[in-house]
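Let me begin by presenting the structure, written as structure tokens, before commenting on it.
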Amino acid sequence: MLRFVAVRLLQALIVLLVMSFLIYGLIGLMPGDPIDLMINANPNLSPSDAARLRALYGLDLPIWTRYLNWLAAALQGDLGYSRLISQPVLEVLKPRLLNTLLLLSISLVLALAIAIPLGVHAARKPNSVTDTAVNLLCFAGISVPPFWLALLFIILFSVTLGILPAGGMAPIGGDGGLAERLPYLVMPVATLTLVSIGGYTRFVRAAVLEQLRQDYIRTARAKGVSERGVVWRHALRNAMIPVVTIVALGFGSLFSGALVTETMFAYLGMGKLIYDSILGNDYNIALVGLLLATLMTLAGNLLADLGYAALDPRISFTETRT
Amino acid sequence: MAKDRTLLGTGLRLGCAAVALASALAGTLISGPAFAKDDLVIGAIQFPGTFHPSIDAMATKNYILDMARRPFTTFDQDWKLICMLCTELPSLEKGTAVEVTRPDGTRAIDATFTIQPGATWGNGNPITTKDVLFTWEVGKHPQSGITNSQMFAKDIVGVTAVDDKTFTIHWDKFRCSYDSINDFLLLPEHLERPVFEADPSQYRTRTLYDTDRTNPGLYFGPYRITRVESGAYVVLEQNPTWWGEKPSFKRIVVRTIENTSAMEANLLSGEVDFVAGEVGLSIEQAIAFEKRNGKRFNVVYKPGLFFEHIDLKLDNPILADVRVRRALLMAIDRDAISRQLFEGKQPVAHGQVNPLDRYYSDDFPKYPFDPAAAVKMLEEAGWKELRGGIRHDASGRRLSLEFQSTAGNRTRELVQQVLQAQWQKAGIEVRINNQPARVLFGSTMRERQFPGMAMFAWLSAPENIPRTILHSTMIPTPENGFSGQNYVGFSNPEADKLIDDLEVTCKEDEARPLWTRLQQIYAEQLPSLPLYFRSDSYIMPLWLEGVRPTGHQYASSLWVEQWRSKQ
């Protein structure tokens, strides 16, 4: 088991290194550079100023030299400075990461808390009225555009009823504590939860339905195991393996954020930050943000692998010799 | 089964209860307006990247800083140059500006300014010529990261402190704009010198404007920044050391809401009072908002110096013929576009000089919508044969042009479609091929790779001499490192001379004929097709008064102390 984890961590390091080069290179391949963006914003910028600033920011160097410079500094713990936000990268990322983690983890927990019972319930009586209703709701959730849902919430709860703030993170002038932030979280969390419930419910329903057709379920029933035991202890446990995979794959998004929801609710998370940094040619933020998302996706997959063993004792990480 | 239902119900009930609890809590926290009328909440669609006045130019940063700082000189709402931090504009007539000859024989000019006697930084330190000298030192340092160092490092060859409050600017050559130091934005020597001297190359990352943003000593306007939540909002409170008219609002909050639909919802819910034209909604969004909610808000449109136009690549053999250029303009109904798409709020442009500019002349050819005349002119130019609705010349060449603009800009895409249809009627095939803004401006325009036409806007200052976009030395080429913004490749010796002469012709009555002739050349040659002057749209609450949009790049917030609540 330890060996398995060590090998996976080593693989993750290699993936991160390759990804860092690819991301840096891809951003570098985009037309224009930060100074071009400055020229657009300021037509009076003279050619000599543009050349001076390119040299100052190191943009006159070849892309691979810039990448190696960045890598050397990063290995010494210096992740650089955000050109767009005028702050060190870590200082920018830390609060954004926490905000995104808070928003998306609450949404994920809520979505799973609602999707699992719904999926199980639908699977137990396929093609029934309940199943049809659940499916309908699921497809509605999957189909609804998050920005539209967000706007609907804002109009209903902020403009018409006036009971929730239309956006932001906390009251202006407040201390930003959790109690203050709670009202500001309601609509973004509700939006994200509602748009992800559908997908999860469908996965749970399909997985449980599949398990309920298995022989061991018939055997369990024949042995007199209660219906509750059959569904929740036997079928659901086995059905969770594909669900865990899906959740693990989405783990990276916990850190890369939810762009549309963040933008609609003026929520300061990772999604908008990474998006802006790519468009604004802010290499340092974009690179570290995307690497973080990669790292978390890898970590999510590792956890999923470990989770499989917990869910199914037949899965083992020890090598078998024949 | 019953237990399952119970479990499902419990899950749903828990979710609902959480939302209900949070809603109830929110109701108690945000019930009533966010602020009393002592406060003004302004919505902005961007958050400033830096708060340093001379690093990176960004509309929102300037808008905020203009409440907390003042330039020496600026253009007012009537587009007249005025003093803000200085007491009086230097003048040749009064002797505060003197024509001189430099040791190398160059004809030049020295201009003397005096700082407002009561001017102090927010921490009580007086503003002196030490700050002026330090600002110049930082500005001209090649490593300081100041964006526009041209003025500091090249245009100004020296600054002399006469006393604590008076200083003289020594310009590199004689120039009529000697009295204008709009971009000489003062830095506090007593706070910033240690940071700068520690390592000039790191100054841009260590300036107190970004590491200690609420330090009162950084500001000297009616307000000072007291709180910054990066990416979310900036709080400004009255500056007790402000020497001018006392502002009315105790506190101003500039909130960032990047999504325009969310911005509208915030306006309607009362969480944002005011959206300023400089940093807010586009004109079509404002028009739509006014239609829906016009009774609750005062929506003001101010045409300005954003000159929307279509650059024509003059190297293109089709566009090299001025008759084709004129026909292109006569074939489009700009009045109808302005009326239908912008409710007439964006006036049609006939040239690049705005009618509000004092040097605007009406004495130049104009090209109103006249499809018959356009067709006639195309035929004169050899585009006689119509095949499949498209004109061809005698050699069988199609009258076909590529038309580019910024992808994703809804207004421009809509205008493109209208123009394409109107040109089609005249037998001109136009192929739309848009690119993201960063691609269009990052390489296509900068390296003159656009094959035919490109629609975008120029922003200029009042009385701005169009050297960078019309002078032949400003055509970007590989040899000059693609410097300059004369993307069309316009080269006209008479226009070059007029531009050179305008820079040294200071008397209005002498400059006016030169300006008139330059506008005539532009209209005769049509290096680009003028479309309209874009308007800024201000959505203000009915109780707010005193806000006067400027229409140029210097923000209305420079007069924030005149803003009042009627209630």
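Would you be able to say whether some residue in region B:93-104 is surrounded by 14 or more Cβ atoms within 10 Å (Cβ to Cβ) and among the acidic types (Asp, Glu)? No - not one qualifying residue is present in region B:93-104. State whether the residues of region A:136-149 include one that is within 9 Å of chain B (Cβ to nearest Cβ), in a helix (DSSP H, G or I), in contact with a Pro (Cβ under 9 Å, 6 or more places away or on another chain) and not hydroxyl-bearing (Ser, Thr, Tyr). Within region A:136-149, none of the residues are within 9 Å of chain B (Cβ to nearest Cβ), in a helix (DSSP H, G or I), in contact with a Pro (Cβ under 9 Å, 6 or more places away or on another chain) and not hydroxyl-bearing (Ser, Thr, Tyr).
For region B:53-73, give me each residue that is touching a Gly at 6+ places or on another chain (Cβ under 7 Å), farther than 20 Å from residue B:233 by Cβ and within 14 Å of chain A (Cβ to nearest Cβ). B:54, B:55, listed by residue number.
For residues that are among the aromatic types (Phe, Trp, Tyr) and within 14 Å of chain A (Cβ to nearest Cβ), scanning just region B:179-234, find the one that is farthest from residue B:132 (Cα to Cα). Checking each candidate, the answer is B:233. It is to be established whether one or more residues within region B:465-481 are of a type outside the set (S, T, N, Q), at pLDDT below 85, buried (at least 18 other Cβ atoms within 10 Å of the Cβ) and out of contact with any strand residue (DSSP E or B) (no Cβ under 6 Å at 6 or more places or on another chain). The answer is no, given that none of the residues of region B:465-481 is of a type outside the set (S, T, N, Q), at pLDDT below 85, buried (at least 18 other Cβ atoms within 10 Å of the Cβ) and out of contact with any strand residue (DSSP E or B) (no Cβ under 6 Å at 6 or more places or on another chain).
Every condition in (1) within 14 Å of chain A (Cβ to nearest Cβ); (2) closer than 28 Å to residue B:433 by Cα; (3) at pLDDT 90 or above holds for residue B:272 except the one numbered (2). Consider region B:426-461 and keep the residues that are within 17 Å of residue B:482 (Cβ to Cβ) and part of a helix (DSSP H, G or I). The one that is modelled with the highest pLDDT is B:444.
Would you please name the residue that is modelled with the highest pLDDT, looking only at residues in region A:158-179 that are more than 7 Å from chain B (Cβ to nearest Cβ) and under 16 Å from residue A:266 (Cα atoms)? Residue satisfying both the conditions and the ranking: A:170. For region B:106-118, does any single residue satisfy the condition of being part of a loop (DSSP other than H, G, I, E, B) and surrounded by 23 or more Cβ atoms within 10 Å (Cβ to Cβ)? So far as region B:106-118 goes, no, none of its residues is part of a loop (DSSP other than H, G, I, E, B) and surrounded by 23 or more Cβ atoms within 10 Å (Cβ to Cβ). Being surrounded by fewer than 17 Cβ atoms within 10 Å (Cβ to Cβ), hydroxyl-bearing (Ser, Thr, Tyr) and either closer than 30 Å to residue A:302 by Cβ or in contact with a Ser or Thr (Cβ under 9 Å, 6 or more places away or on another chain) (or both) holds for only one residue in A:86, A:82, A:20, A:48, and it is A:48.
Scanning region B:286-293 turns up no residue that is in contact (Cβ under 8 Å) with a residue 40 or more places away in the chain, over 22 Å from residue A:159 (Cα atoms) and either surrounded by 22 or more Cβ atoms within 10 Å (Cβ to Cβ) or more than 14 Å from chain A (Cβ to nearest Cβ) (or both). When we screen A:194, A:118 for residues that are at pLDDT 90 or above and surrounded by fewer than 23 Cβ atoms within 10 Å (Cβ to Cβ), the only hit is A:194. Residue check: is residue A:231 over 30 Å from residue B:46 (Cβ atoms) and in a helix (DSSP H, G or I)? Yes: the conditions hold for residue A:231. Under 26 Å from residue B:553 (Cα atoms) and among the hydroxyl-bearing types (Ser, Thr, Tyr): does that describe residue B:443? So residue B:443 passes the test. Just wondering, is there one or more residues in region A:280-287 that are within 20 Å of the chain's Cα centre (by Cα), within 14 Å of chain B (Cβ to nearest Cβ), modelled with pLDDT of 85 or more and not in a helix (DSSP H, G or I)? Looking for residues that are within 20 Å of the chain's Cα centre (by Cα), within 14 Å of chain B (Cβ to nearest Cβ), modelled with pLDDT of 85 or more and not in a helix (DSSP H, G or I), one finds none in region A:280-287, hence no.
Is at least one residue of region A:74-95 more than 12 Å from every other protein chain (Cβ to nearest Cβ), more than 32 Å from the chain's Cα centre (by Cα) and not charged (D, E, K, R)? Scanning region A:74-95, I find no residue that is more than 12 Å from every other protein chain (Cβ to nearest Cβ), more than 32 Å from the chain's Cα centre (by Cα) and not charged (D, E, K, R), so the answer is no.
Somewhere in region A:177-197, is a residue in contact with a His (Cβ under 8 Å, 6 or more places away or on another chain) and among the hydrophobic types (A, V, I, L, M, F, W, C)? Steps first, please.
At the first step, the residues of region A:177-197 found to be in contact with a His (Cβ under 8 Å, 6 or more places away or on another chain) are none.
The answer is no; no qualifying residue exists.
In summary, residue B:484 fulfils each of the numbered conditions (1) closer than 28 Å to residue B:414 by Cβ; (2) part of a loop (DSSP other than H, G, I, E, B) with the single exception of condition (1). Answer yes or no as to whether residue A:157 is in contact with a helix residue (DSSP H, G or I) (Cβ under 7 Å, 6 or more places away or on another chain), exposed (fewer than 14 other Cβ atoms within 10 Å of the Cβ) and not in a loop (DSSP other than H, G, I, E, B). So residue A:157 fails the test. Entry remark, region A:252-264: residues being modelled with pLDDT under 85 and under 13 Å from residue A:102 (Cα atoms) number 6 in total.
The values are calculated or read from the model by the stated rules, or taken from the named source; none is laboratory data. Only a predicted model underlies this, so the values are computations on that prediction, with no experimental measurement involved. All Cβ positions, even for glycine, are placed from backbone atoms using ideal geometry, and neighbour counts span all protein chains on display.
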